[in-house]
1. Within the set of pairs 6 or more residues apart or between chains, which connect a residue that is more than 16 Å from residue 88 (Cα to Cα) inside the range 42-70 to a residue that is of a type in the set (Asp, Glu) and assigned to a strand (DSSP E or B) with Cβ atoms less than 9 Å apart?
2. If I ask for residues that are free of Cβ contacts under 8 Å to residues at least 12 places away in the same chain, within 16 Å of ligand 1 (Cβ to nearest atom) and of a type in the set (Lys, Arg), which ones from the range 114-169 would you list?
3. Here is a check on your reading of the model: is residue 178 more than 23 Å from the chain's Cα centre (by Cα) and more than 16 Å from ligand 1 (Cβ to nearest atom)?
4. Scan the range 274-287 and report the pairs whose first residue is over 19 Å from residue 213 (Cβ atoms) and whose second residue is within 13 Å of ligand 2 (Cβ to nearest atom) and assigned to a loop (DSSP other than H, G, I, E, B), with Cβ atoms within less than 7 Å and a gap of 6+ or a chain change.
5. Residues of the range 70-98 being touching a Gly at 6+ places or on another chain (Cβ under 9 Å) and of a type outside the set (Gly, Ala, Ser), which ones?
6. What helices (runs of 4 or more DSSP H) lie completely within the range 225-334 and have 3 or more residues being under 30 Å from residue 120 (Cα atoms) and in contact with a Gly (Cβ under 9 Å, 6 or more places away or on another chain)?
7. Of everything in the range 201-252 that's within 16 Å of ligand 1 (Cβ to nearest atom) and among the polar types (S, T, N, Q), which residue is surrounded by the most Cβ atoms within 10 Å (Cβ to Cβ)?
8. Of the numbered conditions (1) within 12 Å of ligand 1 (Cβ to nearest atom); (2) in contact with a Cys (Cβ under 8 Å, 6 or more places away or on another chain); (3) β-branched (Val, Ile, Thr), residue 306 fails exactly one; give the number of that condition.
Amino acid sequence: MVAGTNSSMGEAPAFLVDDLHGEQLNGFDLKNEASKTATVIGDKKYVIGGADDETAFIEVQIFDHNLGEWVNPTVLGNKPLSCKGHSSVLLNNDRILIIKKGSKPDDSTWFLEVETPYVRQQRKVMGTEVVAWSKGVIGNAEKPIVISGPSGVGKGTLISMLMKEFPSMFGFSVSHTTRAPRGMEKDGVHYHFTEKSVMEKEIRDGKFLEFASVHGNLYGTSVEAVEQVADAGKRCILDIDVQGARSVRASSLEAIFIFICPPSMEELEKRLRDRGTETEEQILKRLRNAKAEIEQGKSSGIFDFILYNDNLEECYENLKKLLGLNGHVAAPTKPAREVNLPMDHSVSKIDDKIIINSISPGPEKESKNLIILDVSSLKGGAPGRTRGLNFHAIHSFSDGLSGMDRLSC
Ligand code: ADP
Ligand code: 5GP
């Protein structure tokens, strides 16, 4: 049996699985109850778990007390694989924290969002009941950098210089596009080159943070593209157009927005022609679009910084300055320490701390393991990861000695 928080802590309770029996007669298959938890929020009971097979995903079903029936919600986001059991804790009345038992450290903590702004928005768009999974990640990622500017201004050149000088610090968000690859471009490195119908379906499935039609083709940043860079402990750089920057500005992704301006339209045209990657027709289209992009870039209020790329070296120095990189010696990133969550544990919640409690028998003395999960500064969430988790492990032995390990900061 799995435990939940109790109602005396000021939050709606996460009930024990036994509480489900009342609804069994309504036709919902309650096999495998031991691996399920139920959490009540208002008139709804969220039942999580239940699949036998550890290659299947954790299931979610909702009992709506108003309707008196079970509802199968649309489940968004990458789903967690099933496990031998889990604990669930309600946070802020809008998301349920799931702690998987006996799973690998990087797969142990998940959030089922049930009433966050993202879920409410998706519910409105889809017209169905919606919940969304978001994987929990230890520590924080630095704010991504969004770089926009007209085609040919030098965005790619500046980004390459930054990534070459600071390879362990920055990672590029690989966009999807329906345009054809240029000579040297590699699929999965410069872009994910995609069929229009496939990309449109993935947009409908909510896989994109932003997308736009640019110069007659579809371009978009997938949630996964940004999260993968952050997972690698790097700061993400996005090269996207002004429409995309506007969408990211409106999203939950906190970023720094930089617009790159050409010194003149004549110079922009020269760079585009000298690059020699577009047909005459495409060059003219890009130049026509550049005028509107530059106007929007300067006046829309989207961008935090505007940089003029006249002399390349000077522009690069200014870019480094505004990112605080002048004189910076790149230090190797220190990976967050991992914590193994015990197979058998109970969970309780005090304010913003989740207390995970287990006892392991030792050869001489029994040791009590307390892991404290600090959820006071969560960042992000569906459709991406939930970052900012902070674990501390406390080991105490039957002889009264105890030690504390700070596992991340
Ligand atoms: P974008 O990614 O913005 O489309 P690129 O980085 O591909 O633009 O640059 C377009 C062309 O302009 C490239 O051939 C590049 O070498 C050249 N370039 C970039 N910055 C400068 C600059 N400051 N002065 C002269 N040429 C430049
Ligand atoms: P290109 O075809 O020259 O690689 O890119 C054309 C334009 O598309 C550039 O302005 C570039 O910033 C923009 N772009 C590239 N990837 C994305 C993306 O993922 N989203 C959006 N909105 N624009 C993109």
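1. Final answer for the pair search is 43/64; 63/69; 70/64.
2. The one that is free of Cβ contacts under 8 Å to residues at least 12 places away in the same chain, within 16 Å of ligand 1 (Cβ to nearest atom) and of a type in the set (Lys, Arg): 164.
3. Numbers: more than 23 Å from the chain's Cα centre (by Cα): yes; more than 16 Å from ligand 1 (Cβ to nearest atom): yes.
Yes: the conditions hold for residue 178.
4. Going by the 7 Å Cβ cut-off, the qualifying pairs are 275/152; 277/182.
5. Restricting attention to the range 70-98, the residues satisfying the condition of being touching a Gly at 6+ places or on another chain (Cβ under 9 Å) are 70, 76-77, 82-90, 93, 95, 97-98.
Within the range 70-98, 70, 76, 83, 84, 86, 89, 90, 93, 95, 97, 98 meet the criteria.
6. Values: elements: 242-250, 265-275, 280-299, 312-322.
Because the criterion is at least 3 residues that are under 30 Å from residue 120 (Cα atoms) and in contact with a Gly (Cβ under 9 Å, 6 or more places away or on another chain), the helices (runs of 4 or more DSSP H) in the range 225-334 that meet it are 242-250.
7. As a first pass, look at the range 201-252 and keep what is within 16 Å of ligand 1 (Cβ to nearest atom): 212, 214-217, 219, 221, 237-245.
Adding the requirement that they be among the polar types (S, T, N, Q) leaves 217, 221, 243.
On the way: 217: 13, 221: 27, 243: 17.
Taking the candidates together, the pick is 221.
8. (1)
The values are calculated or read from the model by the stated rules, or taken from the named source; none is laboratory data. Note that this is a predicted model, so its numbers are computed, not measured. FYI the Cβ positions are ideal-geometry reconstructions off the backbone, even for glycines, and counts take in every protein chain you see.
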